[in-house]
Amino acid sequence: MAKGILNIELLGSFRITISEKSIPIDAWRSKKALMLLKYLAANSGKKTPGDVLIDLFWPNNDLEGASRSMHTTIYYLRKTLQDYSPDNIDGSTWIRFTNGLYWLNLENGVVLDIKVFRRLVEESVFLEDEEPEKALAASLKALKLYRGHFLLEYPYIDWTVELREHYHEKYIELVLRAGRLLMELKQDFQEAARIARVALGHDPYREALHQLLLRSLIGMGRFPEAVMQYNDFSKALADEFGLEPRAETKNLLNKIRQNSVSPNDAESTEEGCGVLLCDRKAFELILQKRRETKESRPPAMLMSIVLNRTGTYSDVGVVMGKLRRSMRSGDVITRWAKKMAVVLLEDTDELGADVVRRRLSIVFNPQSFTIRQHGLAGGEKVLNRLSGELEMSWASS
């Protein structure tokens with residue numbers, strides 16, 4: 001977070017610095033003044049009527065006494081800010097008053113972590129579909145700002161409760177979005193696992209976070225640890241609430257068992273939204289099992305999405321994310337090579353594959369990608385030949 005002259009942090013325990021120097025808690029002659037500052041900061045510059053402040057902080061005083069106490073508190077608040085401000089800065093002007101309204105003036109070098117946090121959250125949501133790399137960057141920046149629950153030291157003060165829940169939910173959404181984008185765009189399962197573990201420290205029973213952690217562990221090939229993680233969560237859920245994991249969580253564990261995947265077979269697998277995202281080795285294993293049972297199963301086709309020389313390496317990561325969101329339940333997606341993605345289309349014949357190919361041609365820029373469909377028989381040979389030709393083409397460019 002960029003530093004201002006006055007920096008106030010509300011996510012986690014309260015922090016305040018002026019010109020990068022902290023104001024210690026014992027410097028506040030009036031604890032009510034410190035609490036009033038936190039309230040005005042939490043309102044992010046919005047103007048608050050004095051009557052509202054009186055109702056919040058002096059509810060049991062008569063109106064005249066409460067008004068006098070409020071003015072005294074505002075005086076101490078301004079004085080403390082001024083005492084810790086450099087000589088060339090009038091710190092008292094950060095607290096403004098006009099027409100019975102009070103607010104924290106954000107125009108004079110004030111930086112609020114919650115304001116920056118909200119902006120980054122909005123940016124990550126807005127950019128997620130069209131510019132996922134930038135969405136990921138915004139998400140990771142926002143996550144660094146979340147040191148803990150909003151005003152952690154005041155869990156039971158009424159006006160903090162709704163705000164605490166609001167920022168916590170935004171934080172969980174960020175973790176899930178960042179984790180998914182890390183795996184889809186960067187194949188960075190380790191970082192996805194790290195942010196999932198940190199989030200579970202704040203919200204240990206949030207099942208979506210456990211799902212993210214499981215996918216990350218599976219992606220790193222740490223299958224025994226994934227099983228242990230699932231068992232620990234399942235036991236905690238049963239002990240605390242008498243519940244069991246949801247079907248989506250169970251399916252993550254079942255996918256390991258059903259495919260008999262081991263660390264030597266696959267480095268990464270992920271299931272979400274009914275689509276299986278896996279690495280090439282796991283994909284080849286699935287193709288092998290698919291051919292072994294072809295007589296008892298409906299038809300299947302392969303689809304390759306090849307990066308042309310007009311595209312960029314990062315475009316393949318974007319394709320993987322879009323494929324995951326647009327393919328059907330049961331389809332399998334892999335990054336066959338650095339510049340090539342492949343989809344296994346289950347229960348699809350040549351006609352159906354042609355429909356999918358034409359639909360994907362609308363989703364992806366035809367100037368950057370070439371989309372082809374292939375039969376299942378000898379599919380690996382065709383794909384290897386395509387990726388080999390692709391490497392030669394790029395090497396000669």
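Observations, loosely collected:
- Applying the set (1) at pLDDT 95 or above; (2) farther than 28 Å from T93 by Cα; (3) among the β-branched types (V, I, T) to V161 leaves exactly one unmet item: (1).
- Qualifying residue in the stretch 176-184 (condition: outside any helix (DSSP H, G or I) and either over 19 Å from S124 (Cα atoms) or charged (D, E, K, R) (or both)): no
- Residue pairs whose Cβ atoms lie under 7 Å apart, separated by 6 or more positions or on different chains, with the first residue in the stretch 340-365 and at positive phi and the second loosely packed, with under 14 Cβ neighbours inside 10 Å and in a loop (DSSP other than H, G, I, E, B), are D347/P298.
- R68 satisfies every condition listed in (1) over 17 Å from Y154 (Cβ atoms); (2) in contact (Cβ under 8 Å) with a residue 40 or more places away in the chain; (3) of a type in the set (K, R) except (2).
- Residue in the stretch 121-143 that is outside the structural domain of T73 (by TED's automatic domain parsing), over 30 Å from M220 (Cβ atoms) and assigned to a helix (DSSP H, G or I) present: yes
To keep it simple, each residue is scored yes or no on (1) surrounded by fewer than 20 Cβ atoms within 10 Å (Cβ to Cβ); (2) closer than 27 Å to K338 by Cβ; (3) in the same structural domain as V332 (by TED's automatic domain parsing); (4) modelled with pLDDT under 90.
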{"site": "A199", "(1), (2), (3), (4)": "no, no, no, no"}
{"site": "L213", "(1), (2), (3), (4)": "no, no, no, no"}
{"site": "G221", "(1), (2), (3), (4)": "no, yes, no, yes"}
{"site": "M228", "(1), (2), (3), (4)": "yes, no, no, yes"}
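- Pairs meeting the criteria (first residue in the stretch 222-246 and free of Cβ contacts under 8 Å to residues at least 60 places away in the same chain, second residue hydrophobic (A, V, I, L, M, F, W, C) and assigned to a loop (DSSP other than H, G, I, E, B), beta carbons under 6 Å, at least 6 apart or on different chains) are L237/L243.
- Look at the stretch 5-25: where a residue is over 18 Å from F150 (Cβ atoms), no partner that is charged (D, E, K, R) and crowded, with 22+ Cβ neighbours inside 10 Å sits 6+ places away or on another chain with Cβ atoms under 9 Å.
- For the stretch 244-341, the helices (runs of 4 or more DSSP H) that sit wholly inside it and include 1 or more residues that are at pLDDT below 60 and under 16 Å from P132 (Cβ atoms) are 313-326.
- Matching option when the condition is outside the structural domain of T160 (by TED's automatic domain parsing), aromatic (F, W, Y) and crowded, with 19+ Cβ neighbours inside 10 Å, among Y76, Y39: Y39
- Just one of (1) under 30 Å from F364 (Cα atoms); (2) surrounded by 15 or more Cβ atoms within 10 Å (Cβ to Cβ) fails for F150. It is (1).
- Of residues in the stretch 369-397 being small (G, A, S) and surrounded by 17 or more Cβ atoms within 10 Å (Cβ to Cβ), the one modelled with the lowest pLDDT: S387
- Listing of strands (runs of 3 or more DSSP E) fully contained in the stretch 29-114 that carry 1 or more residues being among the polar types (S, T, N, Q) and over 36 Å from the mean Cα position of the chain (by Cα): 95-98
- Residues of the stretch 6-16 satisfying the condition of being more than 15 Å from L104 (Cα to Cα) and outside any loop (DSSP other than H, G, I, E, B): L11, R15
Conditions (1) of a type outside the set (S, T, N, Q); (2) crowded, with 18+ Cβ neighbours inside 10 Å; (3) within 30 Å of L181 (Cα to Cα), marked per residue:
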site	(1), (2), (3)
S85	no, yes, no
I95	yes, yes, no
G100	yes, no, no
R119	yes, no, yes
E123	yes, yes, yes
E130	yes, no, yes
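- Of all residue pairs spaced 6 or more apart or on separate chains, those with beta-carbon atoms under 7 Å, a first member in the stretch 125-150 that is among the small types (G, A, S) and a second member that is buried (at least 16 other Cβ atoms within 10 Å of the Cβ) and in a loop (DSSP other than H, G, I, E, B) are A135/E128; G148/G12.
The values are calculated or read from the model by the stated rules, or taken from the named source; none is laboratory data. What you see is a predicted model; the values in this text were computed from it and never measured. Here Cβ is always computed from backbone atoms with ideal geometry, including for glycine, and neighbour counts include all displayed protein chains.
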